[in-house]
Each structure stands twice: as structure tokens, then as C-alpha cells.
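As C-alpha cells, the structure follows; a few thoughts come after it.
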Amino acid sequence: MTFKGKIPSVIILAICLILVFLIATTQLLNTLMTYLNPINGIYSSANLSIQSKYSLKGLIGEVKIIIDSRGVPHIYANNDKDLFFAIGFMHAKDRLWQMDIQRRAAEGRLAEILGKNALKNDIVMRTIGLWRAAIITANYIKENYPQYWELYQAYADGVNAYIDIAIKNNNLPLMFRLLNYKPDYWSVVDSIAFAKLMSWSLTNFYEPLKFSLVAAKLGSQEALKIYPIFPHFQENVTVIPGNGTIKGNKINVDPDYLLKLDWFSEWATGLNFSDPNFSNKLIEAINNALNFLGEDPEYLGSNAWAVSASKSSNGYAMLADDPHLGLQIPSLWYEVDLHSNDINCYGVTLAGIPPIIIGFNNKIAWGLTNTQMSVLDFYVEKINPQDPSMYYYNGSWHRIQTIRETINVKNEKPYVLLVNTTIHGPIITSKSLTISAKWVGMNVTLEAIAIIDVMKANNLSDFFNALKHWDVPSQNFMYADIYGNIAVIEPGRFPLRLVKLPNNQTIYVLGSRSVLNGTGGYEWSRFVPFELLPHSINPQQGYLAAPNQMSVNKYYPFFILGGWWDSGSRAHRINIILNKTEVSPEDMMEGQRDVFQWDAYSYSSLIIKAMNMYPSNDPDVQKALNLLKNWNFTMKKNMEAPSVWWLWVASFYNMTFIKKFKELGIERAKLPHLENILYLALNEPNSTWFNGNFYLTASQALINAAKYLKNKYGDDWTWGKIHKVYFEHLSGLKALSFGPYDEDGGDDTLMAAKMPLFGGYVTHGPSWRMIVIMSQKPQGYGVYPGGQSENPVSNHYGDFIDYWLNYKYYKLNLANSPSEITDAVLTITLSPS
Amino acid sequence: MKFKFLLSIVVIAVIYYVLVLLVKDWRTAIIAGLIGGTLYKERLKSFLAGLIGSFIAWFALMAPILFNEANQKLLSIFSSIADFPLEIILALIFLLPTILGGLSSLIASTIRKILEK
């Protein structure tokens with residue numbers, strides 16, 4: 001045997017070995033084949049093996065789940081525990097990955113599966129402490145309201161029963177496969193944590209920080225000018241009609257005196273905004289805090305209104321609701337029809353939280369919008385210069401408490417976060433100054449039990465009683481019932497501070513307008529008692545409307561200092577729609593698709609006047625002006641005038657407030673609402689905010705808008721080319737998302753579709769449209785953009801989107817018995833094992 | 001001769017099919033190829049037997065998946081996520097195990113040839 005004769009074979013062998021090695025070990029190829037191999041590839045996530053019968057531990061009796069042609073489960077159980085178990089089972093079957101990612105977002109556990117890119121979110125969430133708050137809340141409910149805790153535990157059991165089945169059948173949803181992990185079991189804390197995240201995202205208004213930037217830089221008068229305490233033009237369109245008195249109680253100080261006071265001054269805040277040394281430090285600290293915290297709910301909002309039986313064309317009370325939340329895929333909402341011995345209810349749940357949040361039963365209907373009231377304060381802490389681990393409070397030094405949070409990071413070492421807290425709450429910045437945040441949701445809150453009782457309510461009294469437990473997020477609960485009643489109430493824990501006024505009188509104020517001194521004296525002393533919460537029952541006008549405008553008028557018993565209401569545009573518009581002799585169901589639907597732009601209507605004469613004063617012969621500017629002159633102020637996607645209006649707004653902001661804030665180093669200051677700018681323009685057209693001349697700036701803004709439109713879009717300025725809605729998958733993956741689609745509406749139209757000021761898609765809007773006619777058998781209509789299933793190959797992945805885009809509604813079938821379901825496609829029976 | 005060729009194809013196909021089911025790893029084509037390849041000294045035929053055998057086994061496993069509408073939809077979504085044409089992904093799914101089987105078979109027959117010389 002000689003080596004020489006074997007050289008070709010050896011070479012072939014070597015080449016083959018290298019090739020085999022390369023193919024078998026190349027990461028990319030291996031990943032591809034792992035995902036796509038026929039035995040345990042991703043295919044099993046698309047083909048769920050759903051049986052018609054399951055024997056499961058934890059059930060007391062048999063539960064029947066009938067799934068209709070839209071994928072909506074109609075669940076029939078003999079008791080509430082089994083009902084909640086079945087909701088958990090169905091949520092997990094259709095939305096398990098969404099539930100997992102949402103609880104991780106709330107608990108600060110995203111980095112565990114997404115790696116270090118998600119660490120920033122986790123650090124913020126762990127600092128705020130939603131998970132910690134969820135744990136104490138769950139424990140409190142377990143000890144004090146065990147019957148409610150058992151329902152949430154039954155829900156968790158239902159989720160976990162499905163997780164076991166999915167793992168056994170290799171049926172975990174696609175995203176688990178793509179991200180290569182398995183879900184942990186669900187717990188009561190997970191449901192509460194996600195509820196806390198929803199609460200946080202609806203109440204984390206950073207206005208006290210943002211307003212303080214302006215007050216620190218320009219003085220309190222300028223801040224109060226562009227951020228008035230009581231928004232201009234909203235006196236006649238408040239959520240609660242009337243002058244604000246509640247059950248004969250009214251504020252004991254002249255509200256007009258209060259509104260003129262300097263609420264940034266030392267008597268109000270304990271801080272000296274006029275001290276340049278302090279102000280500079282404060283600006284640096286706030287900028288740092290805002291960078292840490294990220295965005296606040298600028299794009300969120302909602303509409304709700306109710307019409308009494310006496311005013312409705314059919315003689316029945318009617319209710320409409322459309323919460324403007326993230327238009328995500330999978331949708332936030334999951335439709336259900338629930339039946340047990342004491343629950344018969346239809347509506348939408350949040351995947352991860354079992355009760356129906358917005359819906360109706362056989363007697364009542366309810367809808368929610370955000371009250372926008374302040375329940376989050378920021379305190380400037382005094383740190384001991386000798387010992388930075390101590391802070392001053394109520395006359396003595398206290399040690400800063402440190403909570404150690406370990407964040408697991410995929411493919412990295414765990415990140416250890418030390419959260420420093422004072423008596424107020426977590427410290428969010430220690431740069432230049434130390435600022436802590438105090439939010440009502442950081443403590444035990446009981447909305448998780450309130451909403452269960454709302455589902456069971458049979459009349460207005462039950463409904464109000466249920467809401468006594470509602471803490472956060474404070475909401476306008478709109479109500480209508482089969483007896484013809486309508487009502488609205490704003491339940492929530494609204495913190496009150498006792499303030500001594502310059503005239504030595506003392507009053508309770510709700511919320512704050514700036515950061516506060518943390519050394520004591522500016523603390524929450526009590527909460528608004530339930531009986532004095534803003535509410536209205538069967539008002540004379542025959543309707544109620546709550547599209548995030550000012551809650552209640554000036555004579556409300558407590559002075560509302562902190563509230564971040566939306567512009568009153570939608571409130572004005574819906575008041576016009578509803579303020580007619582008779583309102584029909586079609587009017588209710590028309591209201592939800594209405595795209596009239598109130599601000600454009602209010603501003604148009606000023607812009608035209610500006611162009612008369614400072615004309616331009618440019619043909620594009622002439623075109624823009626003519627479009628505005630001949631416009632009916634509706635933001636239709638096939639029109640050109642909305643583009644001119646929106647670009648004028650962007651250009652105007654850019655030439656005024658954005659420019660000014662940038663020059664002053666306070667870019668994160670809040671852009672004032674158009675209605676407040678309008679008030680300033682009418683009363684102080686030569687304000688420095690307008691570069692000394694509102695009309696010249698307004699004219700230049702139109703010229704800029706026309707130039708921009710011409711350069712970017714040529715001669716076709718159609719709104720739909722600029723304004724598009726995009727339903728982004730929670731993963732951000734385009735392949736799993738929908739759109740972009742040309743879209744009607746805009747900022748502050750009833751059909752809300754706000755896009756970022758300088759480009760981007762509409763990503764927030766009516767996340768659920770519901771209209772209920774409270775006849776003897778209530779008739780509900782609704783639609784949300786998305787579908788019941790998160791499985792991208794399911795027919796119910798995005799099947800509602802077309803209906804939503806075209807303003808159509810599905811009939812919501814509150815089927816009190818299975819025989820009322822005419823489009824059943826599958827029946828699943830769960831029985832105890 | 002033909003019989004031996006067919007035999008090695010069948011051996012490779014059966015071994016690969018069983019191994020994928022048991023071990024749940026597409027790279028078991030290496031083992032199947034190495035076993036089947038020892039039946040042959042002729043390198044080209046051995047390579048072809050490995051190719052064909054592993055292709056048959058893989059096709060038998062993949063066919064029910066590819067003829068399912070939901071899976072076709074899923075593959076198309078996967079190609080969008082991966083930002084890679086579906087045709088290339090499909091080609092890779094079939095080519096990789098096939099080539100691995102062929103090369104492994106060739107390795108086995110080459111080793112046998114070296115040892116027998």
C-alpha cells in the first residue's frame with residue numbers, strides 16, 4: 001500500500017469532509033433548517049390540533065365553548081370560576097404569544113427573550129415597579145377579596161391548561177418558535193401586571209415635567225399663557241354638563257381667582273423657579289428624566305357618548321364608544337360572549353385580563369374614555385450633601401431605600417439594577433437634581449375586581465357601586481341601560497393636596513402643574529371621595545359626551561390643577577352632532593366616522609386674513625389658499641385640502657414653538673394645543689411666541705407648506721398619499737403587519753387618526769368601535785382592526801381590517817343560549833378531569 | 001450492479017427517514033450517507049445514491065407539509081420575514097439534506113476505497 005496512489009482519494013475525502021462540515025455547522029443554514037424541517041419545524045404552529053373535547057384539571061363542571069364564523073367564542077359555564085377558566089383557555093389558544101410579550105413588557109422581562117436591545121424598556125419598567133405593584137395588589141386581593149382572586153386564579157389555570165396542551169402537541173404560536181423560547185406558566189400577578197401597564201400607559205402624563213421646563217426657562221407667566229389651567233373654549237363642552245357643582249357642593253374659593261394665580265411660584269410648589277441656578281439644574285434634570293422615561297400617551301384618547309331614550313329616534317337609550325389606542329397586530333382587544341349563573345355579557349377583553357372591559361349585558365352597556373386627570377406627581381428631593389444616601393423629608397434625614405432588580409438578558413450576563421426610592425417613589429434621575437415619581441398605580445389598586453362587578457351590574461346603582469373599587473386609570477365610564485337612563489362617572493383615585501393660597505385661604509387641589517418640593521408640605525393628603533367624583537345622570541340635554549375634554553367646570557368642589565385634556569375639537573364636534581332633536585343609530589355611527597377638523601374650521605379665517613395681509617403670487621401658494629377657501633373642513637383621504645392644513649400646522653409649529661424650544665434647550669417641552677394657540681393669536685397676535693407677528697408667521701407657514709407639498713408630492717396633494725394607517729405587529733415584523741393604507745381623519749377629528757407631525761404612519765386610533773342600542777334585548781354593533789387569532793395563517797388573523805377601514809360594523813351577538821348562535825363553526829367542550 | 005445501486009438508495013432513504021423521525025435533525029443525512037456509502041466503492045454512483053436516497057426520504061417527509069395550504073401560507077410569511085425569495089428557500093430546504101447525504105455517501109465510499117487499496 002503506497003501513499004502516492006491514494007492522493008486523489010485523500011483530496012476528494014478532504015474536500016467532502018470540509019463541505020459536509022461547513023453545511024452541517026453553518027449557523028444560518030442550520031437555523032433555516034431548524035425552522036423549516038418537517039418534524040419539528042414551525043409548521044405545527046400553523047396547524048393547531050384543536051379537539052372538540054378536553055378533560056382538564058381545575059374545572060368544577062362542564063363548559064361549552066361555541067366559536068362562531070368570526071372566531072368569537074361564546075362561552076357557557078355553570079359558575080364564574082369555570083367561566084374564567086374557559087376565558088383563559090381561549091385567550092391562550094388565540095393569543096398566547098401576545099399575552100406573554102405584554103406581561104414581559106409590564107414586568108420588565110423582555111431582555112430575557114429579546115436580548116440587550118430590550119434592556120432599556122426593562123430598566124424603565126423595573127424602576128417604575130409595575131411588577132412590584134402587581135405582586136402587592138395580587139396578594140392584597142387574595143387576602144381581602146378571595147372570591148375575586150379565585151376567578152383570576154381560575155383564569156390562570158385555564159391559560160396554563162392550554163400551555164400544557166400546546167407544548168405537548170408542539171403547537172406553540174409561531175413567534176415562540178421564531179424567538180426560540182417557551183412560555184412560563186401564567187399567574188394572577190401576570191394579569192395584574194398587564195393591567196398596571198395599561199393603567200400606566202393611560203396615565204403616565206409627564207406634563208408637570210414638560211411645563212416646568214418652560215416655567216424654568218421663561219417664567220411662569222409664559223408657561224400659564226400657553227398651558228392654561230382651564231383650557232380655552234371648553235367651558236360649554238365639559239364631560240359633566242353644568243357649572244361643576246356636585247350634589248350642591250362647590251369650590252369655596254372664586255375659581256377665576258384661582259385660575260389667575262401663579263401655580264409655579266414658591267407658595268404652590270415649594271421651589272424657586274425664578275432662581276437661575278435652580279432653574280438651570282432643573283432643566284438638566286428634567287431633560288434627563290424625560291430621556292429616561294421615554295414617550296407619554298400623546299397619541300392616546302377615546303370617544304364615548306350616550307343618548308337618552310327621550311332623545312333617541314327609536315325610544316331606546318344608546319351608547320357609542322371607540323377607545324383610541326395602539327392599532328397593533330394582534331389587536332389589543334379580543335371579543336367574547338360570556339355566560340354563567342350571574343354573568344351574561346358581550347364585549348372586548350384584553351388578552352391577559354379576563355373581564356370584559358367595554359361591553360354590554362342584558363340590562364346595561366358601558367364604554368370608557370380616559371379622563372386625562374393627573375395622578376402622577378414628580379418631587380425634587382433634597383439630598384444630603386455630606387451623605388448622598390440620605391434625603392430630607394418632614395424635618396429629618398431619611399435613608400434612600402434600594403431595591404435590587406436582576407434582569408436576565410438573553411446571551412448575556414444578568415443585569416443588576418439598583419432602584420433607589422424615597423417616600424414618594426422611585427428616583428428617575430439624579431443628574432443635577434434628584435427627582436422621584438409618585439403614581440397612584442404604584443400601590444394596591446382594585447380595578448381588577450371593580451370591572452368584574454361592572455359585568456354583573458343590572459342597573460345604574462349596581463354600576464356605580466361596582467366602580468367604587470375602580471382606582472386607576474381614571475376613566476370616564478359612559479353608561480346606558482334598557483330603562484332609558486344614561487350616565488357618566490369618572491371613578492379613580494384622584495390625589496388631593498392641601499394648599500395654602502397667597503390670600504391665606506386653604507383649598508384642596510387635584511394634581512399638579514409642575515415638579516414639587518419633596519421635603520414635605522406638598523404631599524397627597526387624601527383622595528376625592530366617591531360621592532364627589534365628577535358624574536352626571538340623565539342630564540337635561542339628553543346626551544353625554546366624553547372625548548377626553550375638560551372633565552368638569554370651574555365650580556367643581558376641588559380645584560383641578562393637573563389634567564392634560566385633549567383639545568376640545570372633538571367635544572365641540574360631537575356636541576353639534578348630538579345636539580339635535582332626535583338622534584338615530586345611524587347618527588351614532590356617523591359620529592364615529594366623522595372627520596370634520598374643528599381646528600381647521602376655527603383657524604381658516606385667520607389664515608385667509610394672513611394671506612390677504614401678506615400675499616404671495618406663487619401659483620402653488622395660490623393653489624393651497626384656494627383649497628383652504630373652498631374646503632368643508634373634512635379630512636377625507638381623497639381630498640387635497642387636508643394636506644395643506646396639516647402641513648400648515650407642522651410648518652407653523654416648526655416656525656414658532658419648536659424653534660423657540662430648541663433655541664432655549666428645552667426641546668422636550670410640550671407643544672401647546674391649537675385651541676390655546678388660537679386664543680393667544682386672537683388676544684396677543686404680537687406675542688414673541690409668534691416671532692412678533694402671528695399673521696406674518698401664519699402666512700409664511702402656508703408658503704412653506706405649499707413649497708413642501710410641491711417638492712415632495714408634485715401636483716397631487718391628496719391626503720391619502722401622505723396620511724396612511726399601519727397596523728404593526730408587536731414584533732415589528734413587516735411580514736406579519738398590515739398596511740400602510742390610505743386613511744381618512746387626522747389629529748383631533750372624531751375618527752381619530754393622528755400621524756406624527758413630521759411624517760410617519762398613523763399607528764393609533766379607534767381600536768374598537770362599539771354602538772349599543774339598549775332595547776329590551778340590547779343590540780350591539782362593533783368592529784376592531786385585526787382578528788381574533790394571532791396565528792398569521794388563520795382566517796381570523798386580520799379578517800376585521802377591511803370592515804374597520806370601511807367603517808362597517810359586525811352585529812354583536814349576545815347569545816343568552818347556544819340556540820341563538822346561527823353561525824357556529826366549532827364547539828369545544830371542557831370537562832373536569 | 002443496478003440492484004446494488006438501488007439497494008444503497010433504499011438503505012440511505014430508509015435510514016435517513018427513520019433517523020429524522022427519531023432524532024429530529026436534518027443533519028442525520030450524514031449518518032445515512034455514511035452507512036449507505038459503504039456498500040459502494042464507485043464514488044460517482046455512491047454520491048448519486050446518497051443524493052437520491054436522502055432526497056427521497058426528505059421528500060417523503062416534506063410532501064405532506066408542502067401540500068398543506070396553511071403551511072404554504074406560513075412558508076410565504078417566513079420568506080417575507082427572512083427577506084429571501086420563497087423559491088430559494090424551497091430550493092435550499094431540498095438541496096441541503098440531499099447534498100449532505102450525497103457527500104457523506106461519497107466520503108464513505110472514498111474511505112472504503114482508500115482502506116481497500
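Once you place label points 7 Å from the Cα toward the Cβ at A:ASP742 and A:GLN776, how far apart are they in nm?
For the pair A:ASP742/A:GLN776, the computed spacing is 4.7 nm.
Tell me, A:THR634, A:THR269 in order of fewest to most beta-carbon neighbours within 10 Å?
A:THR634, A:THR269
When the Karplus curve 6.51 cos²θ - 1.76 cosθ + 1.60 is applied with θ = phi - 60°, which whole-Hz ³J(HN,Hα) does each residue of the stretch A:732-747 get, with x for Gly and Pro?
With coefficients 6.51, -1.76 and 1.60, one gets x, 6, 5, 4, 9, 9, 10, x, x, 10, 4, 9, 6, x, x, 5 Hz.
Helix-only mean residue ellipticity at 222 nm, chain B, DSSP H runs n ≥ 4 weighted -39,500 (n - 2.57), per residue, nearest 500. What is it?
Calculated at 222 nm, the ellipticity per residue is -29500 deg cm²/dmol.
Partner chain Cβ atoms within 10 Å, averaged over the residues of B:98-104 - can you pull that number for me?
If you average over the peptide's residues, the count of other-chain Cβ atoms is 4.
How many nm is it between the label spots at A:ASP342 and A:ASN394, if each spot is 7 Å from the Cα in line with the beta carbon?
Here the modelled spin labels are 4.0 nm apart.
Can you pull the mean other chain C-beta count within 10 Å for peptide B:61-74?
Counting other chains' Cβ atoms within 10 Å and averaging over B:61-74 gives 5.
Using the Cα centre of the protein assembly as shown as origin and beta-carbon charges of +1 (Lys, Arg) and -1 (Asp, Glu), tell me which of A:VAL237, B:PHE94, A:THR822 is placed farthest towards the positive end of the dipole.
Ranked along the dipole, the leading option is B:PHE94.
Rg and Dmax in Å for the stretch A:417-548, alpha carbons only: what are they?
For the stretch A:417-548, the Cα radius of gyration and maximum Cα-Cα distance read 18.6, 59 Å.
Using a 10 Å cut-off around each Cβ, can you sort B:GLU116, A:GLU523 from fewest to most neighbouring Cβ atoms?
Arranged by neighbour count, lowest to highest, B:GLU116, A:GLU523 become B:GLU116, A:GLU523.
May I have the extent of the alpha carbons of the stretch A:775-818 along their three principal axes, as whole Å values ordered from largest to smallest?
So the extents along the principal axes, rounded to whole Å, are 38, 26, 10.
Which far-off residues, 5 or more places away or on another chain, put their amide H under 5 Å from the one on A:GLY492, with H placed in the peptide plane?
Long-range HN contacts for A:GLY492: none found.
When you have a sec, figure out the Kirkwood radius of the stretch A:284-348 from all distinct Cα pair distances and drop it here in Å to one decimal?
After inverting the pairwise mean of 1/r, the radius is 16.2 Å.
If we count other beta carbons within 10 Å of each Cβ, what is the order of B:SER109, A:SER461, fewest first?
Listing B:SER109, A:SER461 from fewest to most nearby Cβ atoms yields A:SER461, B:SER109.
Which of the peptides A:98-111, A:145-158 is most tightly packed, and how do the rest follow, judged by the mean count of other Cβ atoms within 10 Å per residue?
My ranking of the peptides, most packed first, is A:98-111, A:145-158.
Within a 10 angstrom radius of each residue's Cβ in B:79-87, how many Cβ atoms of other chains show up on average? Whole number is fine.
3
Using modelled backbone amide H atoms (1.01 Å from N, in-plane), which distant-in-sequence or interchain residues come within less than 5 Å of A:ASN476's amide H?
Under 5 Å from the amide H of A:ASN476: A:THR369, A:ASN370, A:THR371.
Please report, in cubic angstrom per residue, the volume enclosed by the convex hull of the alpha-carbon atoms of the protein assembly as shown.
Measuring per residue, one finds 208 Å³ for the Cα hull of the protein assembly as shown.
Identify, among A:VAL336, A:MET478, A:ASN47, the residue whose Cα sits farthest towards the positive end of the charge dipole of chain A, taking +1 on the Cβ of Lys and Arg and -1 on the Cβ of Asp and Glu, with the dipole about the Cα centre.
Of A:VAL336, A:MET478, A:ASN47, it is A:ASN47.
Among the aspartates and glutamates, select those whose C-alpha is under 18 Å from the C-alpha of B:LYS2, and discard any that sit fewer than 8 residues away in the same chain.
Output for B:LYS2: B:GLU42.
Positive end of the charge dipole of chain A (Lys, Arg +1 and Asp, Glu -1 on Cβ, about the Cα centre): tell me which of A:GLN549, A:VAL416, A:MET198 has its Cα farthest that way.
Going by the charge dipole, the pick is A:VAL416.
Setting aside same-chain residues fewer than 8 positions from A:LYS707, which aspartates and glutamates have a Cα under 19 Å from its Cα?
Straight-line reach from A:LYS707, under 19 Å: A:ASP618, A:ASP620, A:GLU640, A:ASP715, A:ASP716.
Taking the Cα centre as origin and putting +1 on Lys and Arg beta-carbons and -1 on Asp and Glu beta-carbons, what dipole magnitude results for the stretch A:451-533, to the nearest 20 debye?
Here the stretch A:451-533 has a charge dipole of around 380 debye.
If the viscosity is 0.692 mPa s and the temperature 37 °C, what Stokes-Einstein diffusion coefficient in µm²/s follows for the stretch A:87-142 when Rh is the Kirkwood radius over Cα pairs?
Diffusion coefficient, whole number: 268 µm²/s.
If you place +1 on the Cβ of every Lys and Arg, -1 on the Cβ of every Asp and Glu, and leave all else neutral, what size is the dipole of chain B about its Cα centre, to the nearest 20 Debye?
For chain B, the charge dipole is close to 660 debye.
Non-local amide H neighbours of A:VAL762 (under 5 Å, H modeled in plane, Pro and chain starts lacking H): which ones?
A:LYS724, A:VAL725, A:TYR726
Tell me the chymotrypsin sites (Phe, Trp or Tyr not before Pro) within the stretch A:710-769 that lie in a loop according to DSSP and have at most 13 other beta-carbon atoms within 10 Å.
Answer by residue number: A:PHE758.
Which lysines have a Cα lying under 16 Å from the Cα of A:LYS734, excluding residues fewer than 8 positions away in the same chain?
Leaving aside lysines fewer than 8 places away in the same chain, those within reach of A:LYS734 are A:LYS724, B:LYS73.
Between the DSSP loop rule and a limit of at most 13 other Cβ atoms within 10 Å, which trypsin sites (Lys or Arg not before Pro) in the stretch A:233-340 are left?
Those satisfying the criteria are A:LYS247.
Just to be sure I understand the curve: with the Debye formula and one point per C-alpha of the stretch A:556-637, what is log10 I(q)/I(0) at q = 0.16, 0.20 Å⁻¹?
Debye intensities relative to I(0), on a log10 scale: -0.81, -0.97.
Taking only DSSP H segments of four or more residues, each worth -39500 (n - 2.57), what value at 222 nm results for chain A once the sum is divided by all its residues, to the nearest 500 deg cm²/dmol?
Value at 222 nm, helices only: -11000 deg cm²/dmol.
In the structure displayed, which of A:LYS210/A:LYS710; A:LYS210/A:LYS468; A:LYS210/A:LYS554 lie more than 26 Å apart, Cα to Cα?
Check vs 26 Å cut-off fails for A:LYS210/A:LYS710; A:LYS210/A:LYS468.
Share of antiparallel DSSP beta bridges in the protein assembly as shown, in percent to the nearest 5?
85
Since every read-out is calculated from the coordinates, none of them should be taken as a lab result. This is a predicted model, so every value here is computed, not measured. When we count neighbours, we look across all protein chains shown, and the Cβ atoms used for this are built from the backbone with ideal geometry, even at glycine.
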